[in-house]
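The values are calculated or read from the model by the stated rules, or taken from the named source; none is laboratory data. Fair warning: this is a prediction, and the values are worked out from it, not measured in the lab. Here the Cβ is made from the backbone with ideal geometry for all residues, glycine too, and neighbour counts use every protein chain on show.
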């Protein structure tokens, strides 16, 4: 996709509208698909900011780092702190210095956690089996826990595997999306897998003990306390007794 072009915003298989971004004028633009407006469906999809009108709407007030010039509900699809670190390292490994927010959304495409999807899609190779220890090793390097490593020292493929499953979960702490086969226990990337043959997890990874304790094990302890208190939560577990995994309510049919 060329820089500063227009992308489609998709929800539930329908084109909701088109999004544009002008680097020179530092403006973003959104225009509803007239057919979507006339259908009356999902009228509360964007209850704030976007007006339910056919003309293009212009936004100039969201140029803080948080939103990167995009309306907040669209910017929420962008990689967060941790995901952005992985994204930038992957771009470096490919010799790409900078991409626009719209290009980032094209990479997010249909892999994001929410209902929104973006087209045209920057196609990525399908995920293969995921080795969590290998992922953690890569993250240790990317997060500068090993001083002798930079993006160009990591293979594009290894970064790609982490990029695909670790840039759409959001938040500052390292997280990945995985799918674990219910019968074989094989773990694959959870960026696009939706089959009922798998359990789909959001995994918070334990990287090091610089804080003097394992935060993920503490979170699991709180999960157990919540169960004891009768609070309904998605089933969770520890992987290798150190990584906190919780079933995704947006994927799991239980």
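Counting only strands (runs of 3 or more DSSP E) wholly contained in the stretch 1-87, the ones carrying 1 or more residues that are crowded, with 18+ Cβ neighbours inside 10 Å and touching a residue at least 40 places away in the same chain (Cβ under 8 Å) occupy 6-11, 14-22, 27-32. Suppose we keep only residues that are in a strand (DSSP E or B) and surrounded by fewer than 17 Cβ atoms within 10 Å (Cβ to Cβ) within the stretch 98-132. Which one would you say is modelled with the lowest pLDDT? The residue in question is 129. When the stretch 65-83 is filtered for residues that are at pLDDT 75 or above and more than 21 Å from residue 48 (Cβ to Cβ), only 79 remains.
Restricted to strands (runs of 3 or more DSSP E) entirely inside the stretch 187-254, those with at least 2 residues that are at pLDDT 90 or above are 198-204, 236-239, 243-247.
The set of residues from the stretch 228-240 being over 21 Å from residue 113 (Cβ atoms) and out of contact with any strand residue (DSSP E or B) (no Cβ under 9 Å at 6 or more places or on another chain) comprises 228, 229, 230, 231, 240.
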